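The structure appears right after this line, and notes come after that.
Since every read-out is calculated from the coordinates, none of them should be taken as a lab result. Because the structure is a prediction, the values reported are computed rather than measured. Cβ placement follows ideal geometry from the backbone for every residue including glycine, while neighbour counts extend to all protein chains displayed.
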Amino acid sequence: MTSSETNRDGTADPRRSAQPGRAGSPAWELLLPAASAPARTRGRSLQAALREAVRTGRLAPGTRLPSSRDLAADLGVSRGLITEAYEQLTAEGYLRSGRGAGTWVGGAVRAAPPRARDLAPRSPGARADFVPGTPDLSLFPRAAWAAAQRAVLAELPHQDLGYPDPRGLPQLRTALAELLARRRGVVADPERIVVVSGVAQASTLLGFALHARGLRTVGVEDPGSPQHDALYASAGVTTVPLPLDGEGIVVGPLRDSGVRAVVTTPSHQFPTGIAYSARRRTELLDWARSVDGLVLEDDYDGDFRYDRAPVGALQGLDPEHVAYTGSVSKSLAPGLRLGWLLVPQALADEVVERKRTMDLGHPTLDQALFARFVEHGDYDRQLRRCQRAYRERRDALVAALREHFPGAEVAGIAAGLHVIAALPHRYGPQQSFLARVAAAGVAVRPLTDYTHARAEHEGGGDVRLVLGYAHLSPARIRAGVRLMAQAAGV
Ligand SMILES: Cc1ncc(COP(=O)(O)O)c(C=O)c1O
């Protein structure tokens, strides 16, 4: 193997090497969580993991797979399961094999575009999956939701079942204006609110509106959410990664970049977890005014702040230079696809027209239901309930990390649904740590997964993890951290 095929810690890089791999080299580590899935689903899990590895390009076309005997031995599963997986994936076109000549990754598959990773897929076979950004879906208030649904069906005037105002039902926009002003300190005029199907749709609409104004680039935080890259790209706007420091996005490079719009997560930066300082907020708004530009504020988890009242939204300081967006994805469920966008005057017409042509407005029953849910105090109750549960889980995670990883620095704990854990040097290099932890059935994501120069950071370096906790019980969190520490073996 040449040095270009070797990672900093000396392990084989499956994306460059066409040599047979072994468990313990990164290619086959991908299969370890599936190999420890319950016996009943192990075969399917292995096939799914292998398919995913080919589809995403982690196993490049032409890569030769180990013999079924070797791979079965390395993964500790029966040879029949591996033979079956090879046959199935060969039949599907993901793999190809020659009689007695081995099995390769086929050339028919096109690697998925990079945005696939931003969906932070759950790891089905994992014993604990610290995926960030997922709320506890079992906290969904089914009874209150059902009651609101019944009431709305009984009361909704017939004419509200027609095509809605593309901005949304007036009743919901009024309820949202009150809610967001009270909870997030935004300046909320119901006329400037657009009901959308989440921050994702708000970002696409903003991308189109910027494009219509002649902008072809938008700044984004680095590290940041890969969602932003994918969503703005879909509107024809390219993202320009900009560095952060401990106070937020750094304004010097922002100014030098020449962009006139920048996407930010000031209440709880994704993923580092910092809250933008008051000074940086002011600098950012000064920049926006000086270039006649815009700050796009993604307030994806701003409602959850544990140690004091939530930091107010940036939009409240300058509503004509900040577009503000949020959703119920963290507070109720992402599957509802319901959110809001508060637009400055300069973008309002374009955004509303785009919303109209995109889907002729948001479903009215959902809107009426959520309006009632907010008006009757059910939404505030839900937020309080989640806040209590998530604070307890955050405390459990921080305590377990302190106990099992002495010297670890845990950041971003004041808010949101995830933290950053920086482990002491002795736990590195990162890639071998991740491999050991994956083998123990614990799914974690490194901070480097969220940096734009991702490839440069892979392999070596200290371990920095983005750990989501909201969807895990305190017992599961403690068990997951314990397993992780045992696997680290330091
Ligand atoms: C930073 C950030 N913004 C936006 C979103 C998408 O939010 P929505 O479900 O409201 O579209 C996510 C999803 O996890 C996210 O992490």
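Rounded to the nearest 5, the antiparallel percentage of DSSP beta bridges internal to segment 155-297 is 15%. Under a 5 Å amide H cut-off, with hydrogens placed 1.01 Å from N, residue 127 pairs with 442, 443 among residues at least 5 apart or on other chains. Each part reduced to its alpha carbon centroid, segment 325-392 and segment 196-216 end up 17 Å apart. Relative contact order, whole percent, for segment 140-381 stands at 29, derived from Cα pairs under 8 Å and 6 or more residues apart. Grab the beta carbon distance between residue 285 and residue 96, set R0 = 45 Å, and tell me the FRET efficiency rounded to 0.05. The computed FRET efficiency comes out at 0.20.
Entry note, the chain: relative contact order of 18 percent, from Cα contacts under 8 Å with a spacing of 6+ residues.
Dipole size of the chain about its Cα centre, with +1 on Lys/Arg Cβ and -1 on Asp/Glu Cβ: approximately 1560 debye, rounded to the nearest 20.
Against the chain, whose longest principal axis comes from its Cα atoms, helix 474-488 is set at around 40 degrees.
Computed from label points 7 Å out along Cα-Cβ, the spacing between residue 142 and residue 356 is 4.1 nm. Where both bridge residues fall in the chain, DSSP classifies roughly 60% of the beta bridges as antiparallel. Mean residue ellipticity at 222 nm, helices only, the chain: -13000 deg cm²/dmol; runs of at least 4 DSSP H residues each add -39,500 (n - 2.57), and the sum is divided by the number of residues. Estimated at 0.36 nm per residue, the fully extended path between residue 87 and residue 216 surpasses their Cα-Cα distance by 41.8 nm. The dipole here belongs to segment 175-289: it is taken about the Cα centre, uses +1 on the Cβ of Lys and Arg and -1 on the Cβ of Asp and Glu, and is about 260 debye.
The shape of segment 270-358 comes out oblate: with a ≥ b ≥ c from the C-alpha gyration tensor, a/c is at least 1.5 while a/b does not beat b/c. The charge dipole of segment 140-381, taken about its Cα centre with unit charges on the Cβ atoms of Lys, Arg (+1), Asp and Glu (-1) only, comes to about 260 debye. With θ taken as phi - 60° and the Karplus curve 6.51 cos²θ - 1.76 cosθ + 1.60 applied, the whole-hertz 3J(HN,Hα) list for segment 241-248 is x, 10, x, 10, 10, x, 10, x Hz, x standing for glycine and proline.
Under 5 Å from the amide H of residue 95 lie the amide H atoms of 90, 106, each residue being 5 or more positions distant or on a separate chain, with H modelled from the backbone and absent for Pro and chain starts.
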